[in-house]
Structure formats: structure tokens, C-alpha cells
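These notes concern the structure reproduced below.
The numbers here are math on the coordinates, done by the rules we state, and not lab data. Note that this is a predicted model, so its numbers are computed, not measured. Cβ sites come from the backbone with ideal geometry, for glycine too, and all protein chains shown count toward neighbours.
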Amino acid sequence: MNKEEIICSCNGVTVGQIEKAVRLGDCTFEDVKERLKVGRQCTKCKDLVSLYIENFRERIEK
Ligand code: FES
């Protein structure tokens, strides 16, 4: 996984930033949206961001 990959092109948010937000306690898309301003424009990234959040939560909780 490339953590530098931009997942939200509207706001320049990377995979690594999503992971960090989850590590800081964010659990939902809304949490991450609030913290990183992700998904606020076109919202095309919402499903992908949600998927990464789920994925990181599973890994971190194990
Ligand atoms: S790609 Fe995330 S809001 Fe547009």
C-alpha cells in the first residue's frame, strides 16, 4: 500500500493521513471528514475513504 497515494483529490488527502486519523480515534467517515476536510467537495471519494477506514480499524483493533 502506498501511503502517499492521494485518496481525495479535491483536498489532497492521502492514505497515510486516513490511517493516522483512525489511529487517533476516528471511527467513521464523518469523523475523518471533520478532521481532514476530506470528502467535502465532489464526495466521489466517500466510498473509498470509508473502505480504508474499515480496513485500518480492523488492523489497529487486532
Ligand atoms: S475527491 Fe474527495 S471530495 Fe472530491
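Could you point to the residue in Cys10, Thr28, Ile60 farthest towards the positive end of the range 6-61's charge dipole, with +1 and -1 charges on the Cβ of Lys/Arg and Asp/Glu respectively? It is Cys10, whose Cα lies furthest towards the positive end.
Solvent-free Debye calculation, one equal scatterer per alpha-carbon of the chain: log10 I(q)/I(0) at 0.27, 0.28 Å⁻¹ equals -1.20, -1.29.
When the dipole is taken about the Cα centre of the chain, and only Lys, Arg (+1) and Asp, Glu (-1) are charged at their Cβ, what size is it in debye, to the nearest 20?
Details: 12 positive and 11 negative charges, 28 e Å.
Taking the Cα centre of the chain as origin, the dipole is about 140 debye.
In percent, rounded to a whole number, the relative contact order of the chain is 33, using alpha-carbon pairs under 8 Å and six or more apart.
In this structure the amide hydrogen of Thr14, modeled in the peptide plane, comes within under 5 Å of the amide hydrogens of Ile7, none closer than 5 places in sequence on its chain.
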